[in-house]
Amino acid sequence: MKIFLDTADIEEIRTVARWGILDGVTTNPTLFSKTSGMSYEDVLKEICSITSGPVSAEVVAEDVDGMLTEGRAFAKLAPNIVVKVPMSEEGLEAMSRFADEGIKTNCTLIFTANQGLLAAKAGASLLSPFVGRLDDINQDGMIVVRELAEIVAIHELDTEVLAASIRNPVHMTQAALAGAHVATLPFKVLKQMVRHPLTDSGITQFRSDWEKAREALAARDGGRKKEVAATATKPGE
Ligand code: E4P
């Protein structure tokens, strides 16, 4: 399963790129609103200079022409831009026009397998079911991921299921088991995936035992040197 970072924060993206596990980035207007000082276009260009993986840039227009105008402008920023289009009648038309123009799309705000199926038929290269937002309203969001992954496999559709709205590390394991091709997650959740209290205590224990072993060796070597020195200076021998 590929891992995308769900953020517009450049430093977070640089950090995860250094870890060697970054396959792409998803942004949206809410994530962009948390950054400051740069235009959305400049943020996207900066992200695309860090990763060559897909970088999703979301349109805010709700009409077809507006989506096409925004999406075409995003696509000119870098070759790895993927235009994020919301699921709607207008979104389907825009995605199908983008597909004709060779512009890749990520269909966002998917909450049912049927919506995902339609987006795939319209030519979206990524389908983004929102797991956490369904969980928030007491529905099992992972069911949509599993159903969509099965539909894509059964019908050999040329698209990928991107588990989005990931809120915790358990979601990541479940998305991988459900057959998601990609999961996009916040930096905070990624850091939670790295840590385990037994890993932390294990590292501390190994360091402590290593230091004890070195001290014991140093003490033994120090004792031997003293013995040799004492033997060498014995009077009359
Ligand atoms: C990513 O493509 C989505 O926009 C994002 O995962 C939504 O997450 P949220 O539901 O936590 O806002």
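Here are some notes:
- Of the criteria (1) in contact with a strand residue (DSSP E or B) (Cβ under 6 Å, 6 or more places away or on another chain); (2) more than 16 Å from the ligand (Cβ to nearest atom), which one Val25 fails: (2)
- For region 157-237, the helices (runs of 4 or more DSSP H) that sit wholly inside it and include 1 or more residues that are open to solvent by 60 Å² or more (accessible area, probe 1.4 Å) and over 30 Å from Leu127 (Cα atoms) are 197-232.
- Condition met for Val16 (in contact with a helix residue (DSSP H, G or I) (Cβ under 6 Å, 6 or more places away or on another chain) and modelled with pLDDT of 95 or more): no
- Taken over region 185-223, the criterion of being aliphatic (A, V, I, L, M) and in contact (Cβ under 8 Å) with a residue 60 or more places away in the chain is satisfied by Leu185, Leu190.
- Every pair of residues 6+ apart whose Cβ atoms lie under 6 Å, when the first sits in region 54-65 and is farther than 10 Å from Val83 by Cβ while the second is assigned to a helix (DSSP H, G or I) and away from the ligand (no atom under 11 Å from the Cβ): Val55/Ile47; Val55/Cys48; Ala61/Met67; Ala61/Glu70; Asp63/Glu90; Val64/Glu90; Val64/Glu93; Val64/Ala94
- Matching residues, region 50-96, being open to solvent by 50 Å² or more (accessible area, probe 1.4 Å) and touching a Lys or Arg at 6+ places or on another chain (Cβ under 6 Å): none
- Exactly one residue out of Val64, Val55, Val43 is of a type in the set (Val, Ile, Thr) and within 14 Å of the ligand (Cβ to nearest atom): that is Val55.
- Looking across region 124-142, the residues that are assigned to a helix (DSSP H, G or I) and not acidic (Asp, Glu) come down to Val131, Gly132, Arg133, Leu134, Gly141, Met142.
- Residue within region 220-235 that is in contact with a Phe, Trp or Tyr (Cβ under 8 Å, 6 or more places away or on another chain) and among the hydrophobic types (A, V, I, L, M, F, W, C) present: no
- Checklist (1) modelled with pLDDT under 95; (2) out of contact with any Asp or Glu (no Cβ under 9 Å at 6 or more places or on another chain) applied to Glu93, failing item: (1)
The values are calculated or read from the model by the stated rules, or taken from the named source; none is laboratory data. Note that this is a predicted model, so its numbers are computed, not measured. Neighbour counts run over all protein chains shown; Cβ positions are idealised from the backbone, glycine included. Please note that ligands, DNA and RNA were not included when accessible areas were found on the heavy atoms of the full protein model with its side chains. Shrake-Rupley method; radii C 1.70, N 1.55, O 1.52, S 1.80 Å.
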